[in-house]
Amino acid sequence: AGRVGGFTSLAFSPAGHPAISYRDSTNKNLKYASFDGKKWRTETVDRIGNAGFKPSLAFSASGKPAISYFDDTNKDLKYASFDGQNWTTGTIDSEGDVGKYISLAFSRSGQPAISYYDLTNGDLKYASYDGRKWTSQTVDSEGRVGWFNSLSFSPSGHPAISYHQYP
């Protein structure tokens, strides 16, 4: 009900079932919908502030969904993960206006990583989780770079990012 379904991201679970992360503009929430083979189930992931812009959905090797997204209230990059019962959310980068364009992927070791655009500095950034903490670094800072980025890992486990440089 209401204005829902903006800023969608689609991924398939290891079982082959579709799932979608999206923004509920009416309530300013990040939502998640999953299909179990028989019916769709929807749930609210983050309802604090004006959440859920530009989500990127991916599944871990263990089949748990995770979503990276932009928090417009605080202009932060956030990450949400599901443990099988509950969603946990946290801020990954809050240095300026960060996370306008986001791509989430899991490394070969099963850890999440995010490529994203830093609007404040006009840079492409990369954040990775080592099992204990997130680390963020600037990948490219030549001009305004990092729009519409996409992150993937090579078969040997190295991250690769495609992105747009604004003229």
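The values are calculated or read from the model by the stated rules, or taken from the named source; none is laboratory data. As the structure is a prediction and not an experimental result, all values here were calculated from the model. Here Cβ is always computed from backbone atoms with ideal geometry, including for glycine, and neighbour counts include all displayed protein chains. All accessible areas refer to the heavy atoms of the entire protein, side chains included, with ligands and DNA or RNA removed. Shrake-Rupley method; radii C 1.70, N 1.55, O 1.52, S 1.80 Å.
Structure data summary
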quantity	calculated
Cβ-Cβ FRET estimate between residue 164 and residue 50, R0 fixed at 25 Å, reported to 0.05	0.50
Point-charge dipole on Cβ atoms (K/R +1, D/E -1) for the chain, about Cα centre, debye to 20	600
Largest-first ellipsoid semi-axes for the range 77-139, taking √(5λ) over the Cα gyration tensor eigenvalues, angstrom	21, 13, 10
Neighbourhood net charge (14 Å Cβ-Cβ; Lys/Arg +1, Asp/Glu -1) for residue 119	-3
Taking all pairs of distinct alpha-carbon atoms in the range 1-98, Kirkwood radius in angstrom	13.4
Too-long pairs where the Cα-Cα distance tops 32 Å, listed order kept, from 31/133; 39/78; 28/64; 100/133; 39/125; 39/133	39/125; 39/133
Residue-span extension gain [residue 152 to residue 130] - 0.36 nm each, minus C-alpha spacing	6.2 nm
FRET efficiency estimate (nearest 0.05) - Cβ-Cβ, residue 42 to residue 140, R0 41 angstrom	0.65
For the range 81-102 and the range 141-167, distance of Cα centres in Å	19
Rounded percent of accessible protein surface that carbon and sulfur make up, the range 47-153, 1.4 Å probe	43
Label-point separation, residue 4 to residue 121 (7 Å along Cα→Cβ), nm	3.8
Separation between Cα centres of the range 1-45 and the range 46-70, rounded to whole Å	10
Potential extension, residue 108-residue 62 segment - 0.36 nm per residue separation minus Cα distance	15.4 nm
